[in-house]
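> This is the structure I have questions about; it appears just below.
Coordinate-derived values only; no laboratory data. Just so we're clear, the structure is a prediction, and the values are computed from it rather than from any experiment. Counting neighbours? That spans all protein chains shown, and the Cβs are built from the backbone with ideal geometry, glycine included.
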Amino acid sequence: MSMPARQVRRHAVNGLMTGLIAMLSALAVLALVLILGDLILKGASSLNWAFFTENPVPAGETGGGVAHAIVGTAIVVGFAALIGLPVGIGAGLYLAEFGTGRLGFFVRFVADVLNGTPSIVVGIFAWTWMVKPVGRFSALAGSAALAILMIPMIARTTEEMVRLVPHSLREAALALGYPRWRTSLRIVARTALGGIVTGCLVGIARVAGETAPLLFTALGNLNFSVSPTHPMQTLSLQIYVYATGPFDEWHRLAWASALVLMGLVLLLAIAARWVTRQRYGTGR
Amino acid sequence: MSAHHPVLQSLAYNFWYGATQALYGIDLAVPRHAVTALIGPSGCGKTTFLRSINRLHDLTPGARHTGDIRLEDTSVFASRSDPVTLRRRVGMVFQRPNPFPKTVYDNVAYGPRLNALAPDRELPDRVERALRRAALWDEVRDRLREPGTSLSGGQQQRLCIARALANEPDVLLMDEPCSALDPIATQRIEELIVELKQSYTIVIVTHNMQQAARVSDYTGFFYLGRLVEFGQTEQVFTRPADERTEAYITGRFG
């Protein structure tokens, strides 16, 4: 029994298209797998206790670690989050709850433009305002640059998440005699909390790997430093310096640093997933 | 105040959404400790009127009104009775159950806690009282720490009623409270409404004429933004004065 030609063709096209789509998705996943595989292959062997706990040794010598860059990343990104999260979440709440007028339109437009601004431009901006007048590179200037990158991202995610909260919940709170601002904070923001936290984690992960805006703000530091008003090393800057340096030992450490940074971002992404699941996955 | 003195009074109340007039000169007196049903075809203004009573339209862009609605002889629109104070005295139950995504207990405790009606140590009593009045206590006494959204639809709606009652309002507004419920859950809510009128004044919007006939003492028929007829439910349903009312309740249109 033979199928009519049209049917054969239909089956063939269907199979071809499905295969094509599967291949393209595989390609997308492949990028991550290749990057991660490469990093593990070239970096994992250098990961040891000393790598995490020791500071760099003078150029040319072997051994040493990037403890200063790990701590530096935590401090620079930590301060950035401290500035960026409240401003971003606040702006997002404002946009979702009150941003219907001209001001809302303006804020949203600015956020979108800022979202598309190249990070190196933000770095130059931070340099102009926080490094040049003081006459010294500082971790804080780096944090400010990262915060500026974070704010529009977090504002827009927060806005989207808050908009998802059903209007009926808002009305329920208002009808109980809740003032509008308390309705926004206690009911609407709390309901959207899972999504907001996810947005924040993704935002933090996104800026944790930024290098360009730190080049002329936090600058980098070959020594261990926790002073926010002085130059500070971060993992991204460490990779930049070591990867472009002349020593094999440096290249080895650069690979390992890249692996650690990637792991950190991955961890944040997983945490974001987990928070989302906690909020929406279980229960009815 | 005498039992015959109306709790709520609407005086020549007009309402517009932007350029569209939704209500025309509504004159209505809502009797105390009774159930007043507002009936009429979709889009006739019942819900618009109900939401005017607790000023939920305040946030609707382009909404405006003339005339007055008075609660115990004070205009609800008077600047000193701001909407927040007003809404504490006028509870509302919505068309679809809308419990907060919190525990059963917190849902009910929300109002009193916010309004500082009771010191914290009295809250549990208050929550229990509200849940008992809403005929839900026996079903949820062991589930107070579970999310309110885990209850069944009918239970959720009674939870919303308990939440409104916990504020100890003078008036309870109900906007088609049974339209999202099955017949059994509907019956429970109806029994509850009849019970609640001992202590509260209830205004209920319904599309279900049998429901209006079963639970209400007074009925108002809205049509095209006007209050066509208002009177004792029995009279409105058996001897309507207006032919449009008669046509509607006998199912000839709507």
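> Within segment B:168-210, name every residue whose backbone N is under 18 Å away from a label modeled 7 Å from Cα of B:Glu122 along the Cβ vector.
Residues B:168-170 qualify, since their backbone N sits under 18 Å from the label point.
> Which of B:Glu128, B:Glu168, A:Glu159 has the fewest other C-beta atoms within 10 Å, and how do the rest follow up to the most?
Sorted ascending by nearby Cβ count, the order is B:Glu128, B:Glu168, A:Glu159.
> Per the Debye formula with a single identical scatterer at each Cα and no solvent contribution, what log10 I(q)/I(0) holds for segment B:8-249 at q = 0.08 Å⁻¹?
-0.30
> Less than 26 Å apart at the alpha-carbon level, and either on another chain or at least 8 residues along: which lysines does that give for B:Lys46?
Answer for B:Lys46, where 26 Å is the Cα cut-off: B:Lys197, listed by chain and number.
> Would you mind giving the mean number of other chain beta-carbons within 10 Å of the Cβ of each residue in A:175-188, as a whole number?
Across the residues of A:175-188, the mean count of other-chain Cβ atoms within 10 Å is 6.
> Based only on Cα atoms, what mean projected area does the convex hull of the protein assembly as shown have, in nm²?
Seen from a random direction, the Cα hull of the protein assembly as shown projects 39.3 nm² on average.
> Taking the Cα centroid of segment B:115-147 and of segment B:28-71, what is the distance between the two, rounded to the nearest whole Å?
29 Å
> All other residues with a Cβ under 10 Å from the Cβ of B:Thr47 taken together, and with Lys, Arg as +1 and Asp, Glu as -1, what is their net charge?
0
> A follow-up question, please. How big is the charge dipole of the protein assembly as shown about its Cα centre, in debye rounded to the nearest 20, if each Lys and Arg gets +1 on its Cβ and each Asp and Glu gets -1 on its Cβ?
460 debye
> Then there's this: Using the Cα centre of segment A:67-281 as origin and beta-carbon charges of +1 (Lys, Arg) and -1 (Asp, Glu), tell me which of A:Asn115, A:Ala81, A:Thr183 is placed farthest towards the positive end of the dipole.
It is A:Thr183, whose Cα lies furthest towards the positive end.
> Which residue, chosen from B:Pro99, A:Ser25, B:Thr245, occupies the Cα position most advanced towards the positive end of the dipole of the protein assembly as shown, where the dipole is computed from +1 (Lys, Arg) and -1 (Asp, Glu) charges on Cβ about the Cα centre?
The listed residue farthest towards the positive side: A:Ser25.
> Something else now. In a shell of Cβ-Cβ distance under 13 Å around A:Ala44, excluding A:Ala44 itself, what net charge do Lys and Arg (+1) and Asp and Glu (-1) give?
The answer is +1.
> Further question on the same structure: Take the Cα gyration tensor of segment B:1-121, multiply each eigenvalue by 5, square-root it, and list the three semi-axes largest first, rounded to whole angstrom.
For segment B:1-121, the ellipsoid semi-axes come out as 27, 19, 15 Å.
> Moving on. Using a 10 Å Cβ count of at most 13 others and DSSP loop calls, identify the longest part of chain B lacking such trypsin sites (Lys or Arg not before Pro).
B:146-251
> Let me ask something else about it. State whether chain A is rounded, prolate or oblate according to the following rule on the C-alpha gyration tensor (a ≥ b ≥ c being the square roots of its eigenvalues): a/c under 1.5 gives rounded; otherwise a/b larger than b/c gives prolate, and the remaining case gives oblate.
oblate
> Grab the DSSP H runs of chain A that are 4 residues or longer, score each as -39,500 (n - 2.57), total them, divide by all residues and round the 222 nm result to the nearest 500 deg cm²/dmol.
Calculated mean residue ellipticity at 222 nm is -23000 deg cm²/dmol.
> What percent antiparallel are the DSSP beta bridges of segment B:8-249, to the nearest 5?
60 percent
> In addition: Compute the separation of the alpha-carbon centres of segment B:194-254 and segment A:53-115 and state it in Å as a whole number.
60 Å
> Another question about this same structure. Under a point spin-label approximation (7 Å from Cα along Cα-to-Cβ), what is the A:Ser168-B:Leu11 distance to one decimal in nm?
Going from the A:Ser168 label point to the B:Leu11 one covers 3.7 nm.
> At a 10 angstrom cut-off on C-beta neighbours, averaged per residue, how do the peptides A:29-42, A:243-256, A:190-203 rank from highest to lowest?
With the highest mean Cβ count within 10 Å placed first, the list reads A:190-203, A:243-256, A:29-42.
> Then there is this: Take the alpha carbon atoms of segment A:177-226, find their radius of gyration, then divide it by 2.2 N^0.38 Å using N residues; give the quotient.
1.91
> Work out the length of the dipole vector of chain A about its Cα centre, built from +1 on the beta-carbon of each Lys and Arg and -1 on the beta-carbon of each Asp and Glu, and round it to the nearest 20 debye.
1360 debye
> Which whole-number percent is the relative contact order of segment A:67-281 (Cα, under 8 Å, 6+ apart)?
29 percent
> Considering only the other residues whose Cβ falls under 11 Å of the Cβ of B:Phe100, what net charge follows from Lys and Arg at +1 and Asp and Glu at -1?
Net of charged neighbours comes to +4.
> What is the dipole size for segment B:17-101, taken about its Cα centre, with +1 at each Lys and Arg Cβ and -1 at each Asp and Glu Cβ, in debye to the nearest 20?
Here the size comes out at about 240 debye.
> Using only DSSP helix segments of four residues or longer, with each worth -39500 (n - 2.57), what per-residue ellipticity at 222 nm results for chain B after dividing by its residue count and rounding to 500?
-10000 deg cm²/dmol
> So in segment B:132-254, what percent of DSSP beta bridges are antiparallel if you round to the nearest 5?
Taking every DSSP beta bridge within segment B:132-254, about 55 percent pair in antiparallel fashion.
> Between A:His230 and A:Leu27, how high is the FRET efficiency from 1/(1 + (r/R0)^6) when r is the Cβ-Cβ distance and R₀ = 51 Å? Nearest 0.05.
Approximately 0.70, to the nearest 0.05.
> Further question on the same structure: Find how many whole Å separate the alpha carbon centroid of segment A:139-178 from the alpha carbon centroid of segment A:214-284.
Answer, in whole Å: 26.
> Can I ask one more? For the residues A:Ile70, A:Ile83, B:Ile26, what sequence is obtained by ranking on other C-beta atoms within 10 Å, fewest first?
By the 10 Å Cβ count, ascending: A:Ile83, A:Ile70, B:Ile26.
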